[in-house]
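The values are calculated or read from the model by the stated rules, or taken from the named source; none is laboratory data. As the structure is a computational prediction, the values presented were derived from the model and not from experiment. Please note: Cβ atoms are built from the backbone with ideal geometry, for glycine as well, and neighbour counts cover all protein chains shown. Note: accessible area is taken over every heavy atom of the protein model, side chains too, but ligands, DNA and RNA are not part of it. Shrake-Rupley method; radii C 1.70, N 1.55, O 1.52, S 1.80 Å.
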Amino acid sequence: MKKFFTKLRGPKLQVKLLLLFAVVLLVVPWLGYVQLVEMERLLVQGQENTQRQIASTVAIQLSNRDLFNDLPVQIEDYEHLFAQPLDGVINVDGESVDWGQNLDRISHNFGTGDGSFQLALGEMVNTLYGFLQISDLEHVYRDPGNIDINTADHVRISYKNTNGDAEQVALTFSSPGEATSFRLDDDASQFGSPLGEVGGFLKETDEGIVVEFEFPLSLMGMNRDFSIAFVDVDDRESRAVQQVVEAQPDSETDSFYLVVFRSARTMDVIQSLGYVDTRILVVDNQRRTRGEIEDGSVDSTQSQVQRRDRNRVFHALRPLLHRVFLGEQFNEPTIGESEQLEQEAIESALAGEPHAVRRISMSGAPSILAAHPVVVQGEILGAVVVEQDIEDILAFQQTAFGQILLITLLAFVVVIVVALGYSIRLAYRIRKLRRAASRAIDEHGRLTSSSISAEINAGDEIGDLARSIGGMLERLNQHQQFLQRMPRTLRHEINNPLNTVSTSLENLRNTTDPDEQERYLQSARRGVMRIGSIVQNLSDAASLEDSLTNEELNVVDLHELVQGYVANLQSTHKDVQFVFRSAPGKAFARVSDFYIEQMLDKIVDNALDFHRPDSPIKVQLERGRRHLRIIVANRGPAFRGNWGSVFNSLVSHRAQQSKLHFGLGLYVVRVIAEFHGGSVRAINLVDGSGVAIAVELPLVADSESPQSDTRQTA
């Protein structure tokens, strides 16, 4: 398995760049969606504030008039039955599902025991609808051959026509199902003419029967006088009327209820405000609708449907986009939840607190609904509900997001093409550099060229890489030349002292003169020492870094160390003048004194090899704020080569001399200086009369110096 993974290689440069740009471009739609969600929030908040203001304006208009006491007629003694406005389609089939969940709340109870009923009235499209839940233990249906209406159970509706005359209509049933309606004669005992406009339906239940009916408002007069009764017949043999339960006012003077629909004056007020594409609903403090308008033409409705169809894809993708881009669940209320939100807003407004919610309207469009209380002289008489859809906001959001996706797609294509071209060009340059570097070394590992020309003049990182490879090849070439010269140099340099040793030993064996023997013995000793020097030079670089690893550093006064070192030099090199310069005082550094002396040996050896015989070698110690600097300068030939290479290993810029040099001296200086946290550099003297080598070492703080310890102890 390990071998398998070691053989795996990562994707190529083109693939990496394409993936990088693809990931970066994916951030664009994410940022776009986040901004659009924030924009939607701000726009919806602005819409809420606007609708709150509209609701407040309508509430103020209503509070300036006595509209909540305004009824279709001005007869104060009338009692009221409220017909709630109905939404959707009402099927007269005895089922309560069309009436929604508010049936019990809008129902009125009449009578007790057998024959009692609950009545709910609703109004839609100039038609009065009724839903009666009747308690009847025995159902007696009409005999079609009997013209006496009072021989069977039936529902009797009383009203005043457009002329103000009282009339009665009977809903009769031969069996469960549709009703047959007749006008009644004056004494309400005989069937009159059939009345097809009035329809009804009877359904049997466990508690009794349900009768649902529809009654055209065109039959009523302007006063909307209305009453209803259930005639209960329980004996199928005698068919005698058991009882009549009537929905009549408590007042002894009235025989009719006043059916209250939308208040005309309230409708006039809210219609006169002229709000477009706005639903305005006015309810009283009994939760009864007093006025409602919903402005919207056929064209605007069709445009909303078309716009909704265009946004359907966005609405379908919205939950996924919300989860992917924001990591949140996108919640849109259902129709049922939206009805509950409307009721909560109305309840809040009737409690005196304006309220606004986002919901789904009955048409299925997202909308903002705001409710505001109507206050007259400190009393809350009702609430105003204002609702507007936010399809335009969502359409803008969908259009903007589509544009973002389109721009992202175009940018993706353009960037991919550019990135592909750039990556191809980049890969070509890298392969070109690779081929040039490969040609510089043959199959046996020998250099065939000390430089490369590919990309060497480029200013980017590939150019830097090419120049680095060129410098590396140059150093390898020097190393290779050094290795090529080493066998001949070693043979020559080692043969000479070996010949000296061999000759001295041979002469020593053949002579008996003590003076001659001493002279030959000294000559052999010098040859052995020269061979040892050669071996020492070769082993210096190999063992230096390993030995430095375990070396312990101590705080040393370099002024005293360097001064003593120069004094020893003067005693061992009597033919060379050494000059030491330093400001008075201590100069502490954390170093290894042995390796500092070895470093100075290499620098001084280099100065001795190149100094002019009649000139002194100067050793100077300088103290800065944070560093110490040791400078060794000599008069002699100025350096004309590359300063960056003089401190590399196996590099020598000396001419051919009798003494062996492997190019390790200044390399040892650099290794020791860097081990102590310092640096080294070589420069020509200002007048070009020689060379100076400067080593910088960190200066120990006063708190760490031995003098500081002495003061603290004292």
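Annotation: per residue accessible area for the stretch 320-462 equals 55 Å², rounded to a whole number [probe 1.4 Å, protein chains only]. Would you please calculate the Kirkwood hydrodynamic radius of the stretch 369-457 over all C-alpha pairs and express it in Å, rounded to one decimal? 20.4 Å is the Kirkwood radius here. Distances between placed amide hydrogens fall under 5 Å for residue 116 paired with 135, all partners being 5 or more residues away or on another chain. Counting only heavy atoms of the protein chains and using a 1.4 Å probe, residue 575 has close to 130 Å² of accessible surface. For the stretch 430-437, backbone phi angles converted through the Karplus equation (6.51, -1.76, 1.60; θ = phi - 60°) give residue-by-residue couplings of 5, 5, 4, 5, 4, 5, 5, 5 Hz, Gly and Pro being listed as x. Computed from label points 7 Å out along Cα-Cβ, the spacing between residue 518 and residue 414 is 9.7 nm.
Summarising the label geometry, the points placed 7 Å from Cα in the beta-carbon direction at residue 238 and residue 41 lie 7.7 nm from one another. Sorting 119, 406, 476 on solvent-accessible area from highest to lowest, probe radius 1.4 Å, gives 406, 476, 119.
Here the spin labels are modelled as points 7 Å beyond Cα on the Cα-Cβ line, and at residue 186 and residue 335 they lie 5.2 nm apart.
What share of all Cα pairs of the stretch 120-243, in percent, falls into each consecutive 5 Å distance bin? That works out to 2, 11, 22, 25, 20, 12, 6, 2, 0, in percent per bin.
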